[in-house]
Amino acid sequence: MEFNHKTVLVTGAGGGSGKAIAETFLRSGANVIAADLKLPLWHEPTDMFHPVAMDVSMEDAVEKVVSEYCSKYGCIDILVNNAGIAIESPLIDFQLDVWQKIFKVNAEGTFLCTRAVTRCLVEKKIPGRIINIASIAGKNGFPNSSAYCASKAAVIGFTRALAAELGQYGITVNAICPGSVATPMIESVINTISANSGMSKPEVRTMMESGIPLKRFQEPQDVANLVCFLASDYAGNISGESMNLDGAVIRD
């Protein structure tokens with residue numbers, strides 16, 4: 001798939017799936033704005049690659065970045081809302097400020113970036129693509145993850161509502177729901193389980209993968225491949241979907 005002359009904003013692009021998504025678009029000819037809380041340093045800036053430090057939960061910061069690159073390129077054609085955080089805690093110990101922080105990044109950050117990009121798309125009558133990285137946690141419940149599960153369910157609901165609202169402008173809105181992706185986040189989960197159970201890290205990984213019908217974690221490139229498909233002309237009539245990417249763990 002080629003994305004020549006397209007401009008893409010990827011949030012949470014400092015590593016993991018976000019980095020893979022940004023790299024894949026860059027190889028496919030797109031102008032890529034790679035945003036993260038800290039400036040992504042995995043690629044030198046070029047005429048087509050623009051690393052940006054941006055906090056998705058801060059309205060002014062989001063508006064500034066989107067305005068700058070809409071002015072530079074005319075518009076942002078494709079938005080990938082990948083930035084997200086996960087903090088585990090039993091409900092009875094869950095602190096309100098932690099709950100709010102998770103929602104501020106995962107849900108409000110998705111809202112702020114989408115609103116800013118959509119304003120430009122609608123004004124300039126460009127049939128853009130919005131792709132939200134949700135999670136199977138937005139469809140299923142996991143112990144000690146109530147805030148994360150709820151925030152990702154919010155992203156799925158947001159996706160469905162916007163698909164109905166923005167279809168009249170030719171803008172598609174879809175969500176991807178990954179399962180366990182081989183990133184530092186899943187390594188942190190493995191470390192926690194290992195420390196609490198006495199199992200070795202390889203034993204924990206084997207146990208977790210054994211519950212996946214395809215018997216492996218997803219790779220960041222798996223996420224990037226689906227993102228690029230949904231951003232392409234091949235997916236021009238797909239909107240409002242929340243696609244599982246989890247090796248067949250959840251089948252709905």
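The values are calculated or read from the model by the stated rules, or taken from the named source; none is laboratory data. Just so we're clear, the structure is a prediction, and the values are computed from it rather than from any experiment. Reconstructed Cβ throughout: ideal geometry from the backbone, glycine too, with neighbour counts over all protein chains shown. Accessible surface areas use protein heavy atoms only, side chains included; no ligands, DNA or RNA. Shrake-Rupley method; radii C 1.70, N 1.55, O 1.52, S 1.80 Å.
Structure notes:
- Per residue, the accessible area of region 155-212 comes to 48 Å² when a 1.4 Å probe rolls over the protein heavy atoms.
- Region 215-252 and region 22-95 have Cα centres separated by 20 Å.
- Within the accessible area of the chain (1.4 Å probe), percent carbon and sulfur: 54
- Remark: accessible surface ordering of Leu162, Leu230, Leu91 (largest first) is Leu91, Leu162, Leu230, probe radius 1.4 Å.
- The slack in the chain from Leu37 to Ile238, taken as 0.36 nm per residue of separation less the alpha-carbon distance, amounts to 69.3 nm.
- Each Lys and Arg adds +1 at its Cβ and each Asp and Glu adds -1 at its Cβ; summed about the Cα centre, the chain shows a dipole of about 280 debye.
- Report summary: the helix-based calculation at 222 nm, which adds -39500 (n - 2.57) for every DSSP H run with n ≥ 4 and divides by the residues of the chain, gives -13500 deg cm²/dmol.
- Residues considered: Val52, Val204, Val65. Largest GNM mean-square fluctuation over the chain, using C-alpha springs under 10 Å, is found at Val204.
- Sequence-distant contacts, meaning Cα pairs under 8 Å at least 6 residues apart, place the relative contact order of the chain at 19 percent.
- Solvent-accessible area per residue, Å², over region 21-132 with all protein chains present [probe radius 1.4 Å]: 50
- Scaling against 2.2 N^0.38 Å puts the C-alpha radius of gyration of region 57-120 at 1.37.
- Links that overshoot a 30 Å alpha carbon limit, given the list Lys64/Lys124; Lys104/Lys215; Lys6/Lys101; Lys19/Lys201; Lys101/Lys215: Lys104/Lys215; Lys6/Lys101; Lys101/Lys215
- Compared with the alpha-carbon gap, the fully stretched path from Ser194 to Glu44 is longer by 50.3 nm at 0.36 nm per residue.
- For region 104-190: rounded, prolate or oblate by the Cα gyration tensor [a/c cutoff 1.5]: prolate
- For region 106-252, alpha-carbon Rg relative to the globular expectation (2.2 N^0.38 Å, N residues): 1.16
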